[in-house]
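Colleague: Take a look at this one; I'll ask things after.
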Amino acid sequence: MHRVFITGATGFVGRGVAQALRADGHIVRCLVRRGSEPLLKGLGAVERVEGDVLIRRTLDVAMAGCDAVIHLVGIIRERPALAETFERLHVDATLNVLAAASGAGVRRVLHMSALGTRPGARARYHQTKWRAEEAVRSSGLDWTIFRPSIVYGHGDGFVTVLARMVRRLPIVPVIGSGTARLQPVWLPVVAEGFARALDRPAAVGQAYDVAGPEAYTLNEVLDLIGAMLKRRVRKAHVPLGLVRRLTAVLQSVPFYPVTTDQLRMLEEDNVCDPKPFLHAFDLEPVSFPTGLERMLLA
Ligand SMILES: NC(=O)c1ccc[n+]([C@@H]2O[C@H](COP(=O)([O-])OP(=O)(O)OC[C@H]3O[C@@H](n4cnc5c(N)ncnc54)[C@H](OP(=O)(O)O)[C@@H]3O)[C@@H](O)[C@H]2O)c1
C-alpha cells in the first residue's frame with residue numbers, strides 16, 4: 001500500500017487514476033486548485049491539499065509523507081491571458097514537481113506524457129511534453145513515463161463531444177479529410193496501468209506508448225458512434241486550408257473549437273503498438289466498440 005500524491009486529480013484522466021488507486025488499496029492525496037474541490041466529488045475518501053503546480057512551495061508541503069507521485073497536469077490549449085502556456089504547464093510545472101519530490105524524499109514518479117511526443121515534433125504541445133520528459137529522465141528519480149493516444153471514457157472531451165454532435169446535428173463537420181488515424185484507449189485501462197506501475201520495479205526507467213488495440217480514422221470513429229446510436233452520420237469535410245486560415249484569426253476566441261497547434265496534431269497519425277504497455281502491467285485490451293458500448297449504451 002502506498003500513499004500517492006496526484007497532480008491533475010480533478011481532471012478527466014486524474015479522476016480515473018484516483019479511482020484505480022483507491023480500488024487497489026492505496027491512499028490517494030490530491031493536489032487541488034482553489035475552486036476545483038467539487039470536481040473530486042464521487043472519488044470517496046481521498047486526502048486533499050490545496051496548491052498549484054506552478055507554485056513550488058505548495059508542492060513541498062503537499063508531498064510530505066507520500067512515497068510516490070503521479071504527475072498528470074497538462075493542457076491541450078494555451079490561455080496566454082491567464083499565463084497558462086505549454087511552457088509553464090508542461091515544462092515549469094514538471095520541474096517543480098520533480099524538485100519537490102526530490103526535496104520530500106519521494107523516489108517513485110509516474111509521469112503523464114502523450115503519444116507523438118518526440119524531439120522535433122511539429123506541435124508545441126508535443127515539443128513541451130518532450131522537454132518535460134527530458135526533465136523526468138534526468139531527474140535521478142525512479143521514473144516511468146506514459147504516452148497515451150487519445151483517452152476516452154465517461155466525461156471525456158472526445159467521444160462525449162462527437163456523440164453529442166451525431167445525436168444533434170443533421171450534418172457533422174469534419175476538419176480536413178478525417179483520414180488521420182488514432183488509437184483510442186479506454187480510461188480504466190490507462191488508469192490501472194498507472195496503479196500497477198507503482199509496484200513493478202521493471203517499469204522504472206521505461207517510457208510506454210499507450211493505446212487501444214485498433215487504429216481508426218476520425219471518419220470511422222464517427223461511423224462507429226453513429227452505428228452504436230443507430231443514426232446515419234452525414235459528414236461535411238471542411239478543407240484544412242480554410243480551417244487553418246480561420247483558426248489563425250479566431251483561435252484566441254474562447255469558444256472557437258480548435259487551435260493551430262491542435263490542427264498540426266490532427267494532421268498526424270497517432271498510433272503505436274500497445275503490447276509492451278499491456279504486457280508490462282498484465283492488462284487486457286478493451287476494443288473501441290466495447291468501450292463505446294459501455295459509454296453510450298450502458
Ligand atoms: N485526455 C486525453 O485524451 C489525453 C491523451 C494523452 C495525454 N493526456 C495527458 O493527460 C493529462 C491529463 O489530461 P486530462 O484529459 O485529464 O486533462 P483535464 O481534464 O483538462 O485535466 C487537467 C488537470 O490539470 C489540472 N491543472 C491545470 N493547471 C493546474 C495548475 N496550475 N495546478 C494544479 N493543477 C492544474 C486541472 O485542475 P483544475 O480542475 O483545477 O482545472 C485538472 O485536474 C495531461 O497531461 C494530458 O496532456 C491526455
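The values are calculated or read from the model by the stated rules, or taken from the named source; none is laboratory data. Only a predicted model underlies this, so the values are computations on that prediction, with no experimental measurement involved. Methodologically, a virtual Cβ is constructed for each residue, glycine included, from the backbone with ideal geometry; neighbour enumeration extends over all protein chains shown. These accessible areas exclude ligands, DNA and RNA; they are computed on the full protein's heavy atoms, side chains included. Shrake-Rupley method; radii C 1.70, N 1.55, O 1.52, S 1.80 Å.
Colleague: For the range 1-71, what does the convex hull of the Cα positions come to per residue, in cubic angstrom?
Modeller: Values: hull volume 5.3 nm³, N = 71.
Hull volume over Cα atoms, normalised by residue count, gives 75 Å³.
Colleague: Then there's this: Percent of Cα-Cα pairs more than 26 Å apart in the chain, please.
Modeller: Value for the chain: 45 percent of Cα pairs lie more than 26 Å apart.
Colleague: Quick one: which of 164-177, 230-243, 266-279 comes out on top by average Cβ neighbours within 10 Å, and what's the full order, highest first?
Modeller: Values: 164-177: 13.9, 230-243: 12.4, 266-279: 16.9.
The densest-packed peptide leads the list: 266-279, 164-177, 230-243.
Colleague: Between residue 268 and residue 84, what FRET efficiency comes out of the Förster formula 1/(1 + (r/R0)^6) with R0 = 25 Å and r the beta carbon distance, rounded to 0.05? All intermediate terms of the calculation are to be shown ahead of the outcome.
Modeller: Values: r = 24 Å, r/R0 = 0.95.
Calculated transfer efficiency: 0.55.
Colleague: Using the Cα centre of the range 111-220 as the reference point, and only Cβ charges (+1 on K/R, -1 on D/E), how large is the resulting charge dipole? Debye, rounded to the nearest 20.
Modeller: Charge dipole of the range 111-220: 400 debye, to the nearest 20.
Colleague: Still on this structure, I have one more. Under the definition of Cα pairs under 8 Å and six or more residues apart, what whole-number percent is the relative contact order of the chain?
Modeller: Averaging sequence separation for qualifying contacts and normalising by length gives 17 percent for the chain.
Colleague: Rounded to the nearest 0.05, what FRET efficiency do residue 99 and residue 23 give with R0 = 30 Å and r taken as the Cβ-Cβ distance? Could you check?
Modeller: Computed FRET efficiency for residue 99 and residue 23: 0.45.
Colleague: Rounded to a whole number, what % of the accessible area of the range 149-237 do carbon and sulfur atoms account for, probe 1.4 Å?
Modeller: Carbon-and-sulfur percentage of accessible area, whole number: 54.
Colleague: Residues with amide H under 5 Å of residue 109's amide H, sequence separation 5 or more or different chain, H placed in the peptide plane at 1.01 Å from N; which?
Modeller: Here the answer is 69, 142, 143, 144, since their amide H atoms fall under 5 Å of that of residue 109.
Colleague: Give the percent of DSSP beta bridges with both residues in the chain that are antiparallel, rounded to the nearest 5.
Modeller: Restricted to the chain, the bridges split so that about 10 percent are antiparallel.
Colleague: Placing +1 at every Lys and Arg Cβ and -1 at every Asp and Glu Cβ, with all other atoms neutral, what dipole size does the chain have around its Cα centre, in debye to the nearest 20?
Modeller: Result for the chain is approximately 880 debye, rounded to the nearest 20.
Colleague: Express in % the proportion of alpha carbon pairs of the range 141-298 at distances exceeding 23 Å.
Modeller: Considering the range 141-298, 45 percent of its Cα-Cα pairs are separated by more than 23 Å.
Colleague: In Å², what does the accessible area per residue of the chain work out to with a 1.4 Å probe?
Modeller: On a per-residue basis, 46 Å².
Colleague: State the Kirkwood hydrodynamic radius of the range 39-173 in Å, one decimal place, computed from all pairs of distinct Cα atoms.
Modeller: Answer for the range 39-173: a Kirkwood hydrodynamic radius of 16.7 Å.
Colleague: Right, something else. Which percent, nearest 5, of DSSP beta bridges in the range 150-264 are antiparallel?
Modeller: 25
Colleague: Going Cα to Cα from residue 275, which aspartates and glutamates come in below 16 Å? Please leave out same-chain ones fewer than 8 positions away.
Modeller: 192, 209, 214, 284
Colleague: Next question. Arrange the peptides 115-126, 78-89 so that the one whose residues have, on average, the most other Cβ atoms within 10 Å appears first.
Modeller: So the peptides 115-126, 78-89, ranked by packing, come out 115-126, 78-89.
Colleague: Give the long-range amide H neighbours of residue 50: residues separated by 5 or more places, or on another chain, with amide H under 5 Å away, using H modelled in the peptide plane at 1.01 Å from N.
Modeller: Distant-sequence amide H within range of residue 50: 32.
Colleague: Given R₀ = 45 Å, FRET efficiency for residue 169-residue 107 by Cβ-Cβ distance, to 0.05?
Modeller: 0.35
Colleague: In whole Hz, what ³J(HN,Hα) sequence does the range 41-49 give by Karplus (6.51, -1.76, 1.60; θ = phi - 60°), x for Gly and Pro?
Modeller: Using θ = phi - 60°, the values come out as 4, x, 8, x, 7, 10, 7, 10, 10 Hz.
Colleague: Further question on the same structure: If you average the sequence gap of Cα pairs under 8 Å that are 6 or more apart and divide by the length of the range 174-273, what percent do you get for the contact order?
Modeller: 46
Colleague: Additional query: Divide by every residue of the chain the summed helix terms, -39500 (n - 2.57) for each DSSP H run of at least 4, and state the resulting mean residue ellipticity at 222 nm, rounded to the nearest 500 deg cm²/dmol.
Modeller: One gets -11000 deg cm²/dmol as the mean residue ellipticity at 222 nm.
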